[in-house]
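First up is the structure itself, then whatever we jot down about it.
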Amino acid sequence: MNFLVRQKARELLKSNIPIKNNPVGLRNKLLGKGKKVTVVTAAYNAEKFIRKTIESVINQTMGIDQIEYIIIDDCSTDGTNKIIQEYTAKYKNICSVTLLQNNGSPGTPRNIGIELGTSKYITFLDADDWLAHDGLESLYNILEETGDDYVVGKTVKVESESECVIGEFASIKERRSITPLDVPHFFYHMGPTARMMNLNMVKENEIGFPDMKFGEDKWFFSDVFFKARAVSTTKKLIYYVNRTSENSSSLTRVTNMLDKRKADIDIIRYIQSKDIAIELKRVALNRIYEYDIVKTFDSQTFVKSKNKEDFIEILGEAVETAKDLSYDFKNEFKVPIYKLALELFMKDRIDDFIKLFEWLKRDSNKKYHIKDGLPYYELPFLEDEYRFVRIPMLARALDSYTLDNVYHQSFEIYGDDIDNIDSVLIRDRTRIDNEINCGVQIEGNRGHFTVSLDEIDNMEKSLFTVFIRYNDYQLVNIKRILKNKMTYNKKNVEFYTTVANNLGLAIKSLE
């Protein structure tokens, strides 16, 4: 199967497509020195951003002379290829491949980069993104020190008004020589960003990207994780993803959500066909069943859709693929409410299934229930065994005060992982590295943290969210109800917190 995935790239390389500074050409074989890392960029109509992308490679602390950079232009119709040719004329270790017909996917262009690559390691860089200044050197050094097959670092998503870390669980701490199963959610961050791998492992195991508009990364990196003997993670910043308003035509943004889920069905079938350890198969499949397919319904896109039956049909296809599994796939779900939703669906209670997600997205007055120290949602529209559904963790603010220029906050906390609480995180909503980690004390179901006003004063002005951090990377908000609004008998009824921090009530006519 994988052989066929890269076969198209091999056939194109045997044709007469233009290639400049070919790494496997005779000149480079005779005169070229071995490079440390191969960087592969698939480009299509990227003239707005590709200079910044290329310059981020040229300016790496590793030195451009240690990098084999392969850029594949997928038959662009703008000035992308002209810009690429400027750099190939200046740098002999920047290779350009000009495809004469567009593939509609980065899959085949990236496979061409794999075929042409000659370095020990390989990484992928999209044509609208850029690397941190020392990104390649950081990843390379870790692989050289450990002998691991794969390493991943920090990815920052850059939007017009904010920035955030993507897949924080993969870069929250330094880990060395572990397996993908050692990090919960390791299969949940599958884009090409901020990762480097052994090129021989990729080539020898015939790992490649399928020609898909969406999901090709999941396919590829699932195979990488199935074959990697050991992996590492680092907290170092490696990669910037461009999601600014200028980049409105990126493939991720323009791909329809339903098309994405249809691609996931193909990936499910592919993973099911693999002869791999059942533990790997369970983890890889559950990521798609729960995180991609069922989580899609937990969105305004579904709740507001006038064609909900189209979403339901895809879920039905997904459930059908699970019938031949040797285990009950719904028991692998990590989020209780998603498991409940799936059970409702499989019992053909479609109306209740839809109501569940409408309630999740629209009802701001959710009722919580605590039983035996564990938190539950109470679902007002269900009267049977599904009336209560577990919440993994719930935190609610209690008293607060300031003493000697130190802010004190107490809270109540319920859930499965109270013993694994690490700290309280005060995080900027719009930028990274503008945050405070506070120590926290937990006694039973009560917690307390403090933060000095001097620390707060040193922060840049912004809006912040306060989280409890547990299990290294997982976060839960500390809830504080300031308003509770209802509509009754043609009136808006609102309980709220006054300026003096007292409970108030406002009643207003809707007429």
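The values are calculated or read from the model by the stated rules, or taken from the named source; none is laboratory data. Note that the structure is a prediction, hence the values are computed from the model and not measured. Glycine also receives a Cβ, built like all others from the backbone with ideal geometry; neighbour counts cover every protein chain displayed. The area values use the complete protein model at the heavy-atom level, side chains included, leaving out ligands, DNA and RNA. Shrake-Rupley method; radii C 1.70, N 1.55, O 1.52, S 1.80 Å.
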## Note on the structure
Of the residues in region 371-385, those that are at pLDDT below 95 and surrounded by 13 or more Cβ atoms within 10 Å (Cβ to Cβ) come to Pro380, Phe381, Leu382
#### Entry: Looking only at region 229-260, and only at residues there that are part of a helix (DSSP H, G or I) and among the hydrophobic types (A, V, I, L, M, F, W, C), the one that is modelled with the lowest pLDDT
Val254
### Query
Would it be correct to say that Ile267 is touching a residue at least 12 places away in the same chain (Cβ under 8 Å), open to solvent by less than 20 Å² (accessible area, probe 1.4 Å) and out of contact with any strand residue (DSSP E or B) (no Cβ under 9 Å at 6 or more places or on another chain)?
yes
#### Entry: Single residue of Phe226, Phe311 found to be more than 22 Å from Pro180 (Cβ to Cβ), in a helix (DSSP H, G or I) and not basic (Lys, Arg)
Phe311
### Summary
Checked against (1) farther than 28 Å from Tyr150 by Cα; (2) within 30 Å of the chain's Cα centre (by Cα); (3) at pLDDT below 95, Ser76 satisfies every condition except (3)
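Out of Val57, Val40, Val24, report the one residue that is at pLDDT 95 or above and either outside any helix (DSSP H, G or I) or open to solvent by 10 Å² or more (accessible area, probe 1.4 Å) (or both). Let's see the steps before the verdict.
Working: Val57 fails: either outside any helix (DSSP H, G or I) or open to solvent by 10 Å² or more (accessible area, probe 1.4 Å) (or both); Val24 fails: at pLDDT 95 or above.
Criteria check complete, one pass: Val40.
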### Query
Among the residues of region 423-434, which ones are crowded, with 16+ Cβ neighbours inside 10 Å and in a strand (DSSP E or B)?
Val424, Leu425, Ile426, Arg427, Asp428
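What residue, among those in region 386-422 that are small (Gly, Ala, Ser) and touching a residue at least 60 places away in the same chain (Cβ under 8 Å), is most open to solvent (accessible area, probe 1.4 Å)?
For region 386-422, the residue satisfying everything is Ala397.
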### Query
Counting only residues that are of a type in the set (Phe, Trp, Tyr), assigned to a loop (DSSP other than H, G, I, E, B) and over 14 Å from Lys339 (Cβ atoms), how many does region 379-402 have?
1
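For residues that are touching a Lys or Arg at 6+ places or on another chain (Cβ under 8 Å) and open to solvent by less than 100 Å² (accessible area, probe 1.4 Å), scanning just region 445-465, find the one that is nearest to Asp363 (Cα to Cα).
Filtering region 445-465 down to residues touching a Lys or Arg at 6+ places or on another chain (Cβ under 8 Å) leaves 460, 462-465.
From the residues that got through so far, the ones that are open to solvent by less than 100 Å² (accessible area, probe 1.4 Å) too are 462, 464-465.
Details: Ser462: 28, Phe464: 24, Thr465: 21 Å.
Among those that are touching a Lys or Arg at 6+ places or on another chain (Cβ under 8 Å) and open to solvent by less than 100 Å² (accessible area, probe 1.4 Å), it is Thr465.
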### Query
In this structure, is Glu494 touching a Lys or Arg at 6+ places or on another chain (Cβ under 6 Å), at negative phi and in contact (Cβ under 8 Å) with a residue 24 or more places away in the chain?
no
### Query
Which of the residues spanning region 165-174 are under 19 Å from Ser423 (Cβ atoms) and not in a helix (DSSP H, G or I)?
Val165, Ser171, Ile172, Lys173, Glu174
### Message
So Thr77 ticks every box in (1) assigned to a loop (DSSP other than H, G, I, E, B); (2) open to solvent by less than 20 Å² (accessible area, probe 1.4 Å) but one. Which box is left unticked?
### Response
(2)
### Task
Just give me the residues in region 135-157 being crowded, with 17+ Cβ neighbours inside 10 Å and not in a helix (DSSP H, G or I), in sequence order.
Asp148, Asp149, Tyr150, Val151, Val152, Gly153, Lys154, Thr155, Val156, Lys157
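Just for region 475-493: of the residues that are assigned to a loop (DSSP other than H, G, I, E, B) and closer than 19 Å to Ile426 by Cβ, which one is modelled with the highest pLDDT?
Per the criteria, the residue is Arg480.
Restricting attention to region 325-378, which residues are assigned to a loop (DSSP other than H, G, I, E, B) and of a type in the set (D, E, K, R)?
Matches in region 325-378: Asp328, Lys334, Lys347, Asp348, Arg349, Asp363, Lys366, Asp372.
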#### Entry: Single condition Asp472 does not satisfy, out of (1) in a loop (DSSP other than H, G, I, E, B); (2) at pLDDT below 90; (3) surrounded by 13 or more Cβ atoms within 10 Å (Cβ to Cβ)
(2)
#### Entry: In region 192-205, residue most open to solvent (accessible area, probe 1.4 Å) [restricted to those that are more than 14 Å from Thr233 (Cα to Cα) and in contact (Cβ under 8 Å) with a residue 40 or more places away in the chain]
Asn200
### Query
Applying the selection to region 106-124, what residues are in contact with a Pro (Cβ under 8 Å, 6 or more places away or on another chain) and in a loop (DSSP other than H, G, I, E, B)?
Gly117, Thr118
### Summary
Within region 388-421, residues being modelled with pLDDT of 95 or more and of a type in the set (D, E, K, R) number 4
